[in-house]
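A.B. asks: If you scroll down you'll find the structure; I have some questions about it.
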């Protein structure tokens, strides 16, 4: 492992930039399916509930469980190598989606994408935390987290353009593969470029691990699972509050990303290309703006001595989410829908990077990868599984009408947003105590 005792500010931001590109690519590979709902339903004969499972649960099941051992690896092995291997794996599995001949085989390929993507964030969180001081970590994590909206936005813009151009060509003739449906070709086009990005990650150096747990003699500890459980028990209310609060944020985010294009198509008669391009621009611009605003606000409050700064950002975000999304989905005018969605996306994006930083700041270095993996485990098991699924279930089994998608989305987003708001408020006090204890007890 190549290790650097410290990073210059410029190099630290270069690392964040590369990792953000990786995160963006993972979201492109994950999100592209939302623009292919109609042809997949037609070719594989599935309903909205099955599409919701395909977008959420099939990916989340292995993304969730594979993250735990990969997080443990991130605490002791070169994080760069773990990230590189993950990118290669998810890129190949995205391309493999093009070969699926049935709903079951596509489901399995999506599970493979989840395994590869599980390698990225635990290692990235740990690496970024070692590259930045606490007073700048909120913004650094938020910039990394911009990959969510940068990738989702590009998936909708590029994917929407591809879908529109390929809509007049039901089949393409490709070398070695022969005739292939255009929606299958889309998976190949977005999957294979990841192999090039995997090469770029090899330029990242490993920073020196900081905030290590030490013995009374000053020696670095090499703790096992029992010590991890002890550390978690000590901070259980903070971990539970941040994790569960962000589950409800993730339900909002994944529900909207999974069904937003379909909402515009069904409500306003837009083509998949038009819906994808419009939502892609809104997601890219206002999602990234929200990330930046949330990270900057978090760091400002942190420097003023407010320990629960990341949680305050989340409470502010929940209030905006509950206000803007129902208005956007019920206004009945396409222009006003997109204006209101701009504000909704900005507010929704604000706490993501801050929440990642929140848990990193209260744990010793030896546990950060595992804690990150546990956090993502909870986030995926709840948010990624339920977010895409709930609107589909409401449509199929409550309303029985696919034109009620706006109502289904609104119900999902409002309930999740209110629960997010309440849980983060309740977590202020325990998190404040754990943050102060961490600053006193963890050596630097």
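A.B. asks: Pick out, from region 259-345, the helices (runs of 4 or more DSSP H) lying fully within it that include 1 or more residues that are without any contact (Cβ under 8 Å) to a residue 60 or more places away in the chain.
C.D. replies: Once the helices (runs of 4 or more DSSP H) in region 259-345 are filtered for at least 1 residues that are without any contact (Cβ under 8 Å) to a residue 60 or more places away in the chain, what remains is 288-303, 309-330.
A.B. asks: Could you list, in sequence order, the residues of region 21-39 that are at pLDDT below 85 and either within 16 Å of residue 92 (Cα to Cα) or part of a helix (DSSP H, G or I) (or both)?
C.D. replies: If the condition is that a residue be at pLDDT below 85 and either within 16 Å of residue 92 (Cα to Cα) or part of a helix (DSSP H, G or I) (or both), then 27, 28, 29, 30, 31, 32, 33, 34, 35, 37, 38, 39 are the ones that fit.
A.B. asks: Do you know which residues across region 110-126 are crowded, with 24+ Cβ neighbours inside 10 Å and farther than 12 Å from residue 356 by Cβ?
C.D. replies: 110, 113, 114, 116, 117, 118, 119, 120, 123
A.B. asks: With the condition kept exactly as written, say whether any residue in region 385-397 is surrounded by 17 or more Cβ atoms within 10 Å (Cβ to Cβ), within 22 Å of residue 268 (Cα to Cα) and without any contact (Cβ under 8 Å) to a residue 40 or more places away in the chain.
C.D. replies: yes
A.B. asks: For the structure I just gave you, tell me whether residue 317 is surrounded by fewer than 23 Cβ atoms within 10 Å (Cβ to Cβ), within 19 Å of the chain's Cα centre (by Cα) and closer than 19 Å to residue 254 by Cα.
C.D. replies: Details: surrounded by fewer than 23 Cβ atoms within 10 Å (Cβ to Cβ): no; within 19 Å of the chain's Cα centre (by Cα): yes; closer than 19 Å to residue 254 by Cα: yes.
When the stated conditions are applied, residue 317 does not pass them.
A.B. asks: Surrounded by 13 or more Cβ atoms within 10 Å (Cβ to Cβ), part of a helix (DSSP H, G or I) and modelled with pLDDT under 80: which single residue out of 198, 185 fits that description?
C.D. replies: Sole residue among the options that is surrounded by 13 or more Cβ atoms within 10 Å (Cβ to Cβ), part of a helix (DSSP H, G or I) and modelled with pLDDT under 80: 185.
The values are calculated or read from the model by the stated rules, or taken from the named source; none is laboratory data. Nothing here was measured: the structure is a model prediction, and the numbers come from that model. Ideal geometry is used to build each Cβ from the backbone, glycine not excepted, and the neighbour counts take in all protein chains shown.
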